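The values are calculated or read from the model by the stated rules, or taken from the named source; none is laboratory data. The structure displayed is predicted, hence computed values, not measured ones. Cβ placement follows ideal geometry from the backbone for every residue including glycine, while neighbour counts extend to all protein chains displayed. All accessible areas refer to the heavy atoms of the entire protein, side chains included, with ligands and DNA or RNA removed. Shrake-Rupley method; radii C 1.70, N 1.55, O 1.52, S 1.80 Å.
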Amino acid sequence: MTRTALLGARIFDGEEWIEDSALLVNDGVVEDIVAIGDIPHGVARHDFAGGMLVPGFIDLQVNGGGGVLLNEDRTLSGLRTICSAHYQYGTTALLPTLITDTPAITAETVAAGKAAVDAQLPGFLGLHLEGPHLSLARKGAHDPALIRPMNEEDLANLIAARQALPNLLTTVAAETVKPEQIARLTEAGVVVSIGHSDASMVQVEAAAKAGASMATHLFNAMSQIGNREPGVAGSVLSLGTMSAGLIADGIHVHPETIGIALRAKTGPAHIFLVTDAMSLTGSDLQSFTLNGRVIHRANGALRLEDGTLAGADLTMIDAIKYMRDVVGLSLEEVLRMATLYPARSLGVAHRHGFLGQGSVASFVHLSDTLKVNSTWIDGQSVFAV
């Protein structure tokens, strides 16, 4: 076993800042946070000489990166490229996300996920299957020809996929997938998120009662808050059992709307950050293809030819900066939105989303200006400037 004391930076454990201390890592797990003077004799030391150590960022919606889109490269190699592309932005755990596609492509993606588990791919947390059981009225950039109802075979395949993966998240529409289907999925350990949905509050409440615990990219591709109908957006904010992913890029949601949502959200569920990143993240590419349709990168956004937003041109560290500098949250709360809250939403907060005894030794060394200096997964450096 390898024991290392990481010191020289102030430490954010997920709740508070700890000064003049060291993160003691033992074989990929945090053993403790100790005062400098209490570092055990003979333990190797790594001195960061300033900055801050924070829990590694967790991204539950990552369609691609490094020039690879999961829909187009459903292999272990493709997953490795996607995961590694996000290390440089501080992401240490993520759910590669498959956008609505055919049953055959979905099966290939699950097989690739199993291979990633066997290979112990750093950062691979499981899969997010976004669709195909969505609302045509709120399809967004999803191919309408591939959207369809959930049948018994689909349900069985999702349950089987969950048994093969450490975590499985699926986005469905509350009005097209029945509450009893949601209940069977959640009982099997699948995390169900409501998204690309035109549902009413009654339908969202039924889905939540059945076990749906999340909403996908809050405010986008969902029924909005109205004077006589709260829609999906209002329902999620009012239901304390439902958390929600948020694309904080200044394009998908207005900063004032973000502020309203944060003030309105009932707990214990929280709003957390996602990137909804596409293949262009971590590359200089200016366009890519999804289901045969070209998507262009321009002015900080990714759009189809008709102007429809298709994912986001966003990194997790940029989302953190936006929430602090534009929306005006404290750095501590924004860091929780990128670490602790997504971990809780996925059900992995016993090991992820904080730094303390028993947590994975996955963390980011940031400069005082929020530049990612290095990223560590399971006690090993996977990126450094």
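Looking at region 80-91, can you tell me whether even one residue there is over 25 Å from S213 (Cα atoms), basic (K, R) and either out of contact with any strand residue (DSSP E or B) (no Cβ under 6 Å at 6 or more places or on another chain) or modelled with pLDDT of 95 or more (or both)?
Taking every residue of region 80-91 in turn, at least one turns out to be over 25 Å from S213 (Cα atoms), basic (K, R) and either out of contact with any strand residue (DSSP E or B) (no Cβ under 6 Å at 6 or more places or on another chain) or modelled with pLDDT of 95 or more (or both).
Six or more apart or on different chains, Cβ atoms under 6 Å: show the pairs whose first residue is in region 180-194 and in contact (Cβ under 8 Å) with a residue 12 or more places away in the chain and among the polar types (S, T, N, Q) and whose second is assigned to a helix (DSSP H, G or I) and surrounded by 18 or more Cβ atoms within 10 Å (Cβ to Cβ).
Q181/L155
Out of everything in region 55-69 that is in contact with a Gly (Cβ under 8 Å, 6 or more places away or on another chain) and not small (G, A, S), what residue ends up being most open to solvent (accessible area, probe 1.4 Å)?
V68
All but one of (1) open to solvent by 10 Å² or more (accessible area, probe 1.4 Å); (2) at negative phi hold for M222, so report the exception by its number.
(1)
Looking at this structure, is D38 open to solvent by 10 Å² or more (accessible area, probe 1.4 Å) and under 28 Å from the mean Cα position of the chain (by Cα)?
Details: open to solvent by 10 Å² or more (accessible area, probe 1.4 Å): yes; under 28 Å from the mean Cα position of the chain (by Cα): no.
Taking the combined requirement at face value, the residue does not satisfy it.
Considering every residue within region 333-341, establish whether at least one is modelled with pLDDT of 95 or more, touching a Leu at 6+ places or on another chain (Cβ under 9 Å) and at positive phi.
no
What is the number of the single condition among (1) touching a residue at least 12 places away in the same chain (Cβ under 8 Å); (2) under 30 Å from K209 (Cβ atoms); (3) part of a helix (DSSP H, G or I) that E333 does not meet?
Result: E333 fails condition (1) only.
Which pairs do you get when a residue that is at pLDDT below 95, found in region 1-25, comes within reach of a residue that is among the charged types (D, E, K, R) and surrounded by 20 or more Cβ atoms within 10 Å (Cβ to Cβ), reach meaning Cβ atoms under 6 angstrom, with the pair 6+ apart or on two chains?
Qualifying pairs under 6 Å: none.
Evaluate region 292-303: report whether one residue or more is crowded, with 17+ Cβ neighbours inside 10 Å and within 17 Å of the chain's Cα centre (by Cα).
Pass one, region 292-303, residues crowded, with 17+ Cβ neighbours inside 10 Å: 295, 297, 301-303.
In the following step, the residues that additionally are within 17 Å of the chain's Cα centre (by Cα) were identified as none.
No: region 292-303 contains no residue that is crowded, with 17+ Cβ neighbours inside 10 Å and within 17 Å of the chain's Cα centre (by Cα).
Of these, T315, T339, which one is crowded, with 19+ Cβ neighbours inside 10 Å, touching a residue at least 12 places away in the same chain (Cβ under 8 Å), within 20 Å of M214 (Cα to Cα) and among the polar types (S, T, N, Q)?
Values: T315 fails: within 20 Å of M214 (Cα to Cα).
Just a single option satisfies the conditions, and that option is T339.
Condition check: open to solvent by 10 Å² or more (accessible area, probe 1.4 Å), in contact (Cβ under 8 Å) with a residue 60 or more places away in the chain and β-branched (V, I, T). Does I251 satisfy that? Give the steps one after another, and end with the answer.
Numbers: open to solvent by 10 Å² or more (accessible area, probe 1.4 Å): yes; in contact (Cβ under 8 Å) with a residue 60 or more places away in the chain: yes; β-branched (V, I, T): yes.
It is true that I251 is open to solvent by 10 Å² or more (accessible area, probe 1.4 Å), in contact (Cβ under 8 Å) with a residue 60 or more places away in the chain and β-branched (V, I, T).
So, restricting to strands (runs of 3 or more DSSP E) that lie completely within region 180-298, which ones have at least 2 residues that are of a type outside the set (A, V, I, L, M)?
Numbers: elements: 191-194, 243-247, 271-274, 287-290, 293-298.
It comes to 243-247, 287-290, 293-298.
For region 130-160, which residues satisfy the criterion of being closer than 21 Å to P342 by Cα and either open to solvent by 10 Å² or more (accessible area, probe 1.4 Å) or out of contact with any strand residue (DSSP E or B) (no Cβ under 6 Å at 6 or more places or on another chain) (or both)? Break it down stepwise before answering.
At the first step, the residues of region 130-160 found to be closer than 21 Å to P342 by Cα are 130-131.
Listed by number, the list holds a single entry, G131.
Counting only residues that are buried (at least 20 other Cβ atoms within 10 Å of the Cβ), polar (S, T, N, Q) and part of a loop (DSSP other than H, G, I, E, B), which one in region 349-385 is nearest to the chain's Cα centre (by Cα)?
Taking the candidates together, the pick is S362.
Looking at (1) surrounded by 22 or more Cβ atoms within 10 Å (Cβ to Cβ); (2) within 21 Å of H217 (Cα to Cα), which one does D325 not meet, given that it meets all the others?
Going through the list (1) surrounded by 22 or more Cβ atoms within 10 Å (Cβ to Cβ); (2) within 21 Å of H217 (Cα to Cα), D325 breaks only (1).
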